[in-house]
Amino acid sequence: MVGYVSSRGGVPPCDFEQALLDGLAADGGLYLPETWPRLERDWLEDLRGASYQEVAATVLAPFVEGALTETELRGLIDRAYAGFDHVAVAPLRQLDANDWLLELFHGPTLAFKDIALQLLGHLFEHFLAKRGRSVTIVGATSGDTGAAAIEAFAGRERTTVVILHPHGRISEVQRRQMTTVAAANVHNIAIEGTFDDCQALVKAMFDDQPFRARLRLAAVNSINWARVAAQAVYYVTAGLALGAPWRRLAFAVPTGNFGDVYAGYAAAQIGLPIAQLIVGTNRNDILARFFATGRYRAGEVHPTMSPSMDIQVASNFERLLYDLCGRDGDQVRRLMAGFAQRGELSVPADGLGLARELFDAASADEEETAATMAEVLRATGELVDPHSAVGIRVGRQCRLDPATPLVCLATAHPAKFPEAVQRATGVRPSLPARLADLHQRAERFDVLPNDLCAVQNHIQRAVTAKA
Ligand SMILES: *Cc1c(COP(=O)(O)O)cnc(C)c1O
């Protein structure tokens, strides 16, 4: 059975259920498996031709061992992916002789976050029912995460979902994807402030211990281990489709919080033969700078047309740091404390060398991203969204061997970012049929001032009304 430890080494190992429900470890660290389970070559071979759900059940089984039976796990997986609009869940599309696009946007909110969050919704419900408990999920969003969390938990019995977004500062498609969900357990709050104000309010609510305990606050942000595990699955399905375990692959991943590309690292650790993991950032390039210099230093956040990557502190990076420090939790704790103080940390040279064995990284500016969208349309007739375009651009720039298949992760449907896509290509992408009436649906949200007390009272009332 895989046990979970904290990247800061300050808590005893726990099981999958606790790592899932806690999210963050009590010492402020991130959970990771104590040892990596391995999918051996013949196991991978046996999976060739298997469905997404079958691969998911095999990849996830060792991570949930002891917490779920095989049958329970398979049932949760089947329900999680039943609502996707493509039977393959994460289909591959060919971009060039040896370049592929892995489409991760066939879930309900048109972004890759659905793949992990849909499963997380079912996992939460399962373990909460077992414990006879309910929770209040609270989060802040600048776009994609909030919608994916709302879709994952809407209508579930044991959760109330409260999502804060900055009033008037997110795109209309993104707002409507959250505010048109009719389920009674979903609450949207538009804060008169910025995304940072929303995040500060959420953090203050989690720091208010009596409030946190009374409402049983829970977080489903990208540091939850179960999200990483769920995302490792599509690296394996893409690998199998393109010749693994006998052929190595390169992946290009548009990156913000380092969650998605860390899932690729996890896939490599469990045995998928990955030749290269290419990290693509937009102008907010803390990660690209890290892989160039070994210095991880926060800068100012610049708004771009790939807003889900407008991040300067990549929360999942701490998981990689743990391995780069030889799995020494004390060292990670010291480095992160220094980072909290000075906004900067450096890994030892051998740590950087280790990271560079698998990772390459670069950033794409707005012009390069737009040019890539236009180029892909010209060459293939396909529209790609700005996030995916960052990955494609950097992937082609950093790939080492043209004979190794390059899989570029398409993290959002182009219709989620229609203005940016139209500006770059002259073509306005249309929403898929099941969302075609999004702009006619009724919206429901409350506008509140940027005031902790007002927000807490509002949430308290929402939860009490339900009980
Ligand atoms: C969240 C998001 C990303 C970044 O993913 P990370 O796991 O934070 O690196 C990229 N593209 C889209 C469309 C997203 O929603």
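For region 20-32, enumerate the residues that are buried (at least 18 other Cβ atoms within 10 Å of the Cβ) and touching a strand residue (DSSP E or B) at 6+ places or on another chain (Cβ under 6 Å).
Result: Ala25, Gly29, Tyr31.
Determine the pairs where a residue that is within 22 Å of Gly83 (Cα to Cα), located within region 416-442, has a partner that is surrounded by 14 or more Cβ atoms within 10 Å (Cβ to Cβ) and aromatic (Phe, Trp, Tyr) with Cβ atoms under 8 Å apart, the partner being 6 or more residues away or on another chain.
Sorted first by the residue in region 416-442, then by its partner, the pairs are Lys416/Phe105.
Kindly indicate which of Asp385, Asp365 is acidic (Asp, Glu), at pLDDT 95 or above and within 16 Å of the ligand (Cβ to nearest atom).
Result of the check over Asp385, Asp365: Asp385.
Given the criteria in contact with a Ser or Thr (Cβ under 9 Å, 6 or more places away or on another chain) and either surrounded by fewer than 17 Cβ atoms within 10 Å (Cβ to Cβ) or assigned to a strand (DSSP E or B) (or both), does Leu117 qualify?
no
A quick yes/no check of all residues on (1) at pLDDT 95 or above; (2) within 12 Å of the ligand (Cβ to nearest atom); (3) assigned to a helix (DSSP H, G or I); (4) out of contact with any helix residue (DSSP H, G or I) (no Cβ under 8 Å at 6 or more places or on another chain):
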residue	(1), (2), (3), (4)
Leu240	yes, no, yes, no
Phe251	yes, no, no, no
Tyr262	yes, yes, yes, no
Ala268	yes, no, yes, no
Leu272	yes, no, no, no
Gln276	yes, no, no, no
Gly280	yes, yes, no, no
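For region 295-311, enumerate the residues that are without any contact (Cβ under 8 Å) to a residue 60 or more places away in the chain and either farther than 15 Å from Gln199 by Cβ or in contact with a Lys or Arg (Cβ under 9 Å, 6 or more places away or on another chain) (or both). Spell out the reasoning first.
First pass over region 295-311, keeping only residues without any contact (Cβ under 8 Å) to a residue 60 or more places away in the chain: 295-303, 311.
Matches in region 295-311: Arg295, Tyr296, Arg297, Gly299, Glu300, His302, Pro303.
Taking the options Ala88, Ala152, Ala148, Ala61, name whichever one is in contact with a Leu (Cβ under 7 Å, 6 or more places away or on another chain), of a type outside the set (Phe, Trp, Tyr) and away from the ligand (no atom under 16 Å from the Cβ).
Numbers: Ala88 fails: in contact with a Leu (Cβ under 7 Å, 6 or more places away or on another chain); Ala152 fails: away from the ligand (no atom under 16 Å from the Cβ); Ala148 fails: away from the ligand (no atom under 16 Å from the Cβ).
None of the other options fit; the residue is Ala61.
Looking at (1) surrounded by fewer than 21 Cβ atoms within 10 Å (Cβ to Cβ); (2) away from the ligand (no atom under 12 Å from the Cβ), which is the only condition Asn257 fails?
Failing condition for Asn257: (2).
Quick one: count up the residues across region 326-361 that are buried (at least 19 other Cβ atoms within 10 Å of the Cβ) and in a strand (DSSP E or B).
Of the residues in that region, 4 qualify.
Which residue is surrounded by the fewest Cβ atoms within 10 Å (Cβ to Cβ), if the candidates are limited to region 203-232 and must be among the charged types (D, E, K, R) and not in a helix (DSSP H, G or I)?
Ranking the candidates gives Asp208 first.
When the residues of region 181-202 are narrowed to those that are surrounded by fewer than 20 Cβ atoms within 10 Å (Cβ to Cβ) and in a loop (DSSP other than H, G, I, E, B), which ends up modelled with the lowest pLDDT?
Checked region 181-202; the qualifying residue modelled with the lowest pLDDT is Thr194.
With Gly391, Gly426, Gly381 as the choices, which residue is of a type in the set (Gly, Ala, Ser) and surrounded by 15 or more Cβ atoms within 10 Å (Cβ to Cβ)?
Gly391
Among the residues of region 169-186, is there at least one that is in contact with a Lys or Arg (Cβ under 6 Å, 6 or more places away or on another chain), within 15 Å of Leu21 (Cα to Cα) and among the β-branched types (Val, Ile, Thr)?
No, that holds for no residue.
The values are calculated or read from the model by the stated rules, or taken from the named source; none is laboratory data. Just so it is clear, the model here is predicted, and its values are computed rather than measured. Cβ coordinates were reconstructed from backbone atoms using ideal geometry, including for glycine residues, and neighbour counts include every protein chain displayed.
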